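The values are calculated or read from the model by the stated rules, or taken from the named source; none is laboratory data. Please read all numbers here as calculations on a predicted model, not as lab measurements. Every residue, glycine among them, receives a Cβ derived from its backbone with ideal geometry; neighbour counts consider all protein chains shown. The protein model used for the area step is the full one, side chains on, heavy atoms only, and it has no ligands, DNA or RNA in it. Shrake-Rupley method; radii C 1.70, N 1.55, O 1.52, S 1.80 Å.
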Amino acid sequence: AMTAVAIENCLNHQRVKEIGFLDALTQVYNRRYFGLRFHDEIERSLRRNTDMTCMFLDVDFFKKVNDTYGHHVGDLVLTRMVSLIKEHVRACDIVARYGGEEFVVVLPETGIAVAMEIAERLRQAVCNQAHQIGDHCLNISVSIGVSGVTHITDAEDKKAEEIALLLLDNAGKSLYHAKETGRNQVVLFNSRCA
């Protein structure tokens, strides 16, 4: 009986720990846990000398959805977005809510060409699907910024923390460029985004 109680306590402790790593609304990783996993994946990529890409996704005109239909509908849009993201990435990929309507996806052992294909398929899936939410039929779109370890010069001379910051910064700049130049598109980091 004491062993059963001890095992149950360990399982409960693990469940509470896992709950602390998840975004309450979307049930994907939260930003805090993402930081830990992202750092580990970068170190793994450096050790194995493999590619890794990072995508920032942002729901276009999300504030308008919230303002027009209410935050409950906005929450449903975000949970549907997460479902679509998960359908288009592997189980080993990291999906996290970075903030508000912004999500980050890390694709370990994935080069830029494949990441761009995944991002474009995801963008099309979101854009082509009419989202029936209650009495409302919403057409939403996403903008996606993509960056990879290959965009970081002398990556092997940098520490994992530096690479993490550069990858996120580059993907963020790409996302911002996508939103500035018309939204509903995928933009790969390059000198125009800097």
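Remarks
- Any hit, the range 19-40, residues being over 22 Å from Asn128 (Cβ atoms), over 12 Å from the mean Cα position of the chain (by Cα) and among the polar types (S, T, N, Q): yes
- Evaluation of Glu109 against (1) without any contact (Cβ under 8 Å) to a residue 12 or more places away in the chain; (2) under 16 Å from Ser147 (Cα atoms); (3) among the acidic types (Asp, Glu) (one fails), failing number: (1)
- Listed by position, the helices (runs of 4 or more DSSP H) contained in the range 53-129 that have at least 2 residues being open to solvent by less than 10 Å² (accessible area, probe 1.4 Å) are 71-88, 112-128.
- Across the range 36-70, the number of residues qualifying as among the hydrophobic types (A, V, I, L, M, F, W, C) and farther than 28 Å from Gln124 by Cβ comes to 3.
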